[in-house]
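The next block holds one structure in the form of structure tokens; read it before the comments.
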Amino acid sequence: MVLAELGSRLKKALSSVSDEVILDEKAIKSMINDISVGLMESDVNVMLVGKMKKNIESQIDINNLPKGINKRNHVKQIVFEELCKLVDPGVKPYQMQKRREPNVVMFVGLQGSGKTTTCTKYAMYYARKGWRVALVCADTFRAGAFDQLKQNATKANIPFYGSYTESDPVKLAREGVKQFTDERFEIIIVDTSGRHKQEENLFEEMEQVSKAVNPNDVVFVMDSSIGQAAQDQAAAFKSRVSVGSVIVTKLDGHAKGGGALSAVAATSSPITFIGTGEQFDEFEEFDARGFVGRLLG
Ligand code: GDP
């Protein structure tokens, strides 16, 4: 079930409450059930849905509501807050600092997740806000990685660093960050290698690059189409490098986006941006309340 379908499903469940002549326990139960089924069909983890269901039920005591309260709005508000909690772990992500030293941000993720494209989107986002941003390609694993980053960076007008011949990602990362630090760039983004699956080589390389550049933030890029598997993947990356924020990509496709967003949030990783297309401006800040608000219409 894609996000738009989830949205209409949730809206329908909530409006079923509005349409009830008498708002009784039965009506509430059936609404919570509809919401739960919609979330599960959107690939949200069964346990997360179960927890949310319990939370909602425990907050609604239809027979003992404070006087003068609008029951329907009260129910809607509780559901809204619980849905927000599903996609927002309540952890603050790293904030860019205006200071003498640069903000070094390292990107990690599996191959094909959209990491290189997202590095450019992220660079452009900050460049447009007036920051001096540069990109370092430390992906020596995938043939053509540097060419791709170079093409993207050129198109986006972002200075870049990389090499066709150097095969040591740690050396490349260190040199690139040093060069741009000397040139007084404010944000230096380091794109690292991906692999097709979580494997030891990838994690070791990630750790070494991280040690070499000592990033202020590590951004984990994840393809939303993996649904529930997101939780395990995010946890695996987090266990090896200090992931500070997550960007979920390809939320424009037929992905069961709810699954990925809630699964990542369950690992206490704040989602900062979402990718909504292949173009560099198809990139949005992620705000849990705004997102749920739009979903509920
Ligand atoms: P990497 O291997 O992780 O560096 O992934 P790439 O940046 O090369 O992206 C893999 C593919 O996903 C490319 O075809 C990108 O254009 C595409 N892609 C990246 N982000 C998005 C997104 O948000 N939406 C869509 N539809 N495609 C994306």
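A few notes on this one:
- Reported count of residues in region 211-258, each being assigned to a loop (DSSP other than H, G, I, E, B) and away from the ligand (no atom under 13 Å from the Cβ), is 10.
- Where residue 287 falls short, out of the listed (1) away from the ligand (no atom under 15 Å from the Cβ); (2) open to solvent by less than 10 Å² (accessible area, probe 1.4 Å); (3) closer than 25 Å to residue 96 by Cα: (2)
- Residue within region 18-26 that is under 30 Å from residue 228 (Cβ atoms), surrounded by 12 or more Cβ atoms within 10 Å (Cβ to Cβ) and of a type in the set (A, V, I, L, M, F, W, C) present: no
- Helices (runs of 4 or more DSSP H) lying entirely in region 61-178 (those with 3 or more residues that are in contact (Cβ under 8 Å) with a residue 40 or more places away in the chain and more than 30 Å from residue 35 (Cβ to Cβ)): 115-128, 145-156
- Test result for residue 189, open to solvent by less than 20 Å² (accessible area, probe 1.4 Å), in a loop (DSSP other than H, G, I, E, B) and under 19 Å from residue 247 (Cβ atoms): no
- Every residue from region 192-210 that is touching a residue at least 24 places away in the same chain (Cβ under 8 Å) and open to solvent by 60 Å² or more (accessible area, probe 1.4 Å): 196, 197, 198, 208
- Of all residues in region 80-98, those satisfying the criterion of being of a type in the set (A, V, I, L, M) and in contact with a helix residue (DSSP H, G or I) (Cβ under 6 Å, 6 or more places away or on another chain) are 83, 86, 87.
- The residues of region 268-284 that are more than 8 Å from the ligand (Cβ to nearest atom) and of a type outside the set (Ser, Thr, Tyr), listed by number, are 270, 271, 273, 279, 280, 281, 284.
The values are calculated or read from the model by the stated rules, or taken from the named source; none is laboratory data. What you see is a predicted model; the values in this text were computed from it and never measured. Don't worry about glycine lacking a Cβ; one is built from the backbone with ideal geometry, like all the others, and counts go over all protein chains shown. Note: accessible area is taken over every heavy atom of the protein model, side chains too, but ligands, DNA and RNA are not part of it. Shrake-Rupley method; radii C 1.70, N 1.55, O 1.52, S 1.80 Å.
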